[in-house]
Amino acid sequence: MIKKIILLCCIGFFIACGSNKPVVRTSKSSSPSKPVVRTVRKPVEKPSNPVNTNSENGTNSTAKNDESTQILEATTRVKVTTALVLEYIEKYKEIAIKDMKEYGIPASITLGQGILESGAGTGPLSAQANNHFGIKCHKEWTGPSVKYDDDEAQECFRKYNNPDESYRDHSLFLVTRERYSNLFKLDKNDYVGWSKGLKNAGYATDPNYPTKLIGLIERYQLQKYDAEVLGINYVPNNVTSIDKSKDIVSTNIDLHQVIKGDTLYSISKRYNISIDDLKKKNNISDTGISIGQKLIVK
């Protein structure tokens, strides 16, 4: 009996070991065998410098060249428009005419110096001290003054209550100084001689002072006020005829009078001269020229 039982157990054991069915174990912690998918976001790269889409090439330029702008140099360096110069002339021409009658200084010289020295009334000395002629204090001056950098740093310049005082002091300054006495021997309508004489007498240290002064007088035809005081007919300088068919003013062979539409380029082509030579002959530092201005072209 015992042998039968042992035999049956052995048979059952071998049957179990040879079975092809897998043994499945289960537990409370078991989970489905589906793969776990993880998503990784690619980092977003931010630019180190923001791009301004409203500007072109990173710049914003609004400056424009104004052909009616010119540079005046004397006690200061400023840029003024032709309109400002004409306004200045209109404002002070009567004072210049009056002073010519009283002191014998050509009105063209007084107005020309006023424009040149004060930048047509826009320069620092004229704005701060009503000094339109760059007159320094000198030892005899006892009135108010201002300091301004000129030939030397912080030089003393006269200060006036109004521009009229500056004009009168300018006339007295020339009349009462011996070094300017030769000027009063010249004809009152000789603005060229007066311009050169002022430089020779030491009024200005700029070697180009006479050229600049003469250029202003002729450009704005200030000599007509001299003719008015002297009671003589005014004839525009160097102008001989007007060619209406070409709408330009014909002058002598060395001069061209600027008209509306003229540029340095068009003038250089007309007279077969380079722009650089044209600028050099006329002491022009930029491209600005004014209607009525006379240019040396040969």
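The values are calculated or read from the model by the stated rules, or taken from the named source; none is laboratory data. Given the structure is predicted, the values throughout are model-derived calculations rather than measurements. Positions of Cβ are generated from backbone atoms using ideal geometry, with glycine treated the same way; all protein chains shown enter the neighbour counts.
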Q | Residues located in region 187-202, provided they are of a type outside the set (S, T, N, Q) and out of contact with any Phe, Trp or Tyr (no Cβ under 6 Å at 6 or more places or on another chain) | A | ASP187, LYS188, ASP190, TYR191, VAL192, GLY193, TRP194, LYS196, GLY197, LEU198, GLY202
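Based on what the data block shows, is THR75 of a type in the set (S, T, N, Q), under 24 Å from VAL146 (Cβ atoms) and at pLDDT 90 or above? If you could, list the steps in order and put the result at the bottom.
On the way: of a type in the set (S, T, N, Q): yes; under 24 Å from VAL146 (Cβ atoms): yes; at pLDDT 90 or above: no.
So THR75 does not fit the description; no.
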Q: Scan region 231-289 residue by residue and report those that are part of a loop (DSSP other than H, G, I, E, B), touching an Asp or Glu at 6+ places or on another chain (Cβ under 7 Å) and at pLDDT below 55.
A: none
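Which residue is farthest from GLN223 (Cα to Cα), if the candidates are limited to region 180-190 and must be under 37 Å from the mean Cα position of the chain (by Cα) and in a helix (DSSP H, G or I)?
Initially, region 180-190 is screened for residues under 37 Å from the mean Cα position of the chain (by Cα), giving 180, 183, 188-190.
Subsequent filtering for residues that are in a helix (DSSP H, G or I) retains 180, 183.
Values: TYR180: 20, LEU183: 17 Å.
So, considering only residues that are under 37 Å from the mean Cα position of the chain (by Cα) and in a helix (DSSP H, G or I), the one farthest from GLN223 (Cα to Cα) is TYR180.
Matching residues to (1) farther than 16 Å from ARG168 by Cα; (2) among the hydroxyl-bearing types (Ser, Thr, Tyr); (3) out of contact with any Cys (no Cβ under 9 Å at 6 or more places or on another chain); (4) in the same structural domain as THR81 (by TED's automatic domain parsing):
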residue	(1), (2), (3), (4)
ILE109	no, no, yes, yes
GLY114	no, no, yes, yes
SER118	no, yes, yes, yes
GLY123	yes, no, yes, yes
ASN131	no, no, yes, yes
GLU140	yes, no, yes, no
TYR148	yes, yes, no, no
ALA153	yes, no, yes, no
CYS156	yes, no, no, no
Q | Given (1) at pLDDT 85 or above; (2) basic (Lys, Arg); (3) closer than 24 Å to ASN283 by Cα, index of the condition ARG168 fails | A | (3)
Q | Selection from region 197-223 of residues that are in a helix (DSSP H, G or I) and surrounded by fewer than 16 Cβ atoms within 10 Å (Cβ to Cβ) | A | ASN200, THR211
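Could you count how many residues in region 113-133 are of a type in the set (A, V, I, L, M, F, W, C), in contact (Cβ under 8 Å) with a residue 40 or more places away in the chain and in a helix (DSSP H, G or I)?
Of all residues in region 113-133, those of a type in the set (A, V, I, L, M, F, W, C) come to 115-116, 120, 125, 127, 129, 133.
Going one step further and asking which of them are in contact (Cβ under 8 Å) with a residue 40 or more places away in the chain, we end up with 115-116, 120, 125, 133.
Checking which are in a helix (DSSP H, G or I) leaves us with 115-116, 125.
The number of residues fulfilling the criteria is 3.
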